[in-house]
Amino acid sequence: MGRKANKERQKQKTAVAGKTSLLDLVSAGLLQAGAVVVCNSWPFSAVVSASGRLDARWTPVPSDFAQPLAGAEFMRAEFDTPSAWATAVCRVMRAQQARASSGESRVAVNGWTACRVRAGEGAEVSLDTLRRAFTARQAAESDESASAVDGLAQQVAQGLALGC
């Protein structure tokens, strides 16, 4: 197998090998503990914890929300993934809408693409952008490791060919 094919195979393994977590992003310095995460234009936010979880901020509740609060059963304090948190927020929002209509509250939201981190002065970066940066960094590090191993393998092969 050629070197180029080996690199491509390694990149594919890196992309498929495991799922990226918020903790991966925090550990890599791409996401800071304490960063505020928002989802779509919904009125709630979450804060990234040092352990890579999202601490939900369910207050203040918008004044136009029906009371007692529809969807309160989805309002946990902590979420392990962006998708779990974004889905919970969406369910709360849909439960509010269902008060006016008989809508379905089943939903799944891709939190990586729906959620953004506030980066100051009104700028926001999607979690998906940060995840892609992390994956690219991992692939580059894998390429460097693969190159070092390839170089060592060539040295060993040369040594064997020379009878060393």
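Select, from 45, 27, 49, the only residue that is out of contact with any Cys (no Cβ under 7 Å at 6 or more places or on another chain) and either among the aliphatic types (A, V, I, L, M) or open to solvent by 30 Å² or more (accessible area, probe 1.4 Å) (or both).
From the options 45, 27, 49, the qualifying one is 27.
Residue-by-condition table, conditions (1) within 26 Å of residue 20 (Cβ to Cβ); (2) in contact with a Leu (Cβ under 6 Å, 6 or more places away or on another chain); (3) aromatic (Phe, Trp, Tyr); (4) at pLDDT below 85:
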residue	(1), (2), (3), (4)
46	yes, yes, no, no
55	yes, no, no, no
59	no, no, no, yes
66	no, no, no, yes
78	yes, no, no, no
85	yes, yes, yes, no
90	yes, no, no, no
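Tell me which residues, restricted to the stretch 113-127, are of a type outside the set (Val, Ile, Thr) and farther than 12 Å from residue 31 by Cβ.
Our first condition is that a residue be of a type outside the set (Val, Ile, Thr); within the stretch 113-127, this holds for 114-116, 118-124, 126-127.
Matches in the stretch 113-127: 114, 120, 121, 122, 123, 124.
Considering only the stretch 92-111, I want to know if a residue exists there that is modelled with pLDDT of 90 or more, among the aliphatic types (A, V, I, L, M) and assigned to a helix (DSSP H, G or I).
No, the stretch 92-111 has no match at all.
I'm trying to understand the selection: among the residues of the stretch 52-73, which are over 13 Å from residue 112 (Cα atoms) and surrounded by 13 or more Cβ atoms within 10 Å (Cβ to Cβ)?
Passing the criteria: 52, 53, 55, 56, 57, 58, 61, 65, 66, 69, 70, 71.
On the given criteria, is residue 76 over 20 Å from residue 26 (Cα atoms) and either in contact (Cβ under 8 Å) with a residue 60 or more places away in the chain or open to solvent by 60 Å² or more (accessible area, probe 1.4 Å) (or both)?
In short, yes.
The values are calculated or read from the model by the stated rules, or taken from the named source; none is laboratory data. Quick caveat, the model's predicted, so the values are computed rather than measured. Here the Cβ is made from the backbone with ideal geometry for all residues, glycine too, and neighbour counts use every protein chain on show. In case anyone asks, the SASA skips ligands and DNA or RNA and just uses the protein heavy atoms, side chains included. Shrake-Rupley method; radii C 1.70, N 1.55, O 1.52, S 1.80 Å.
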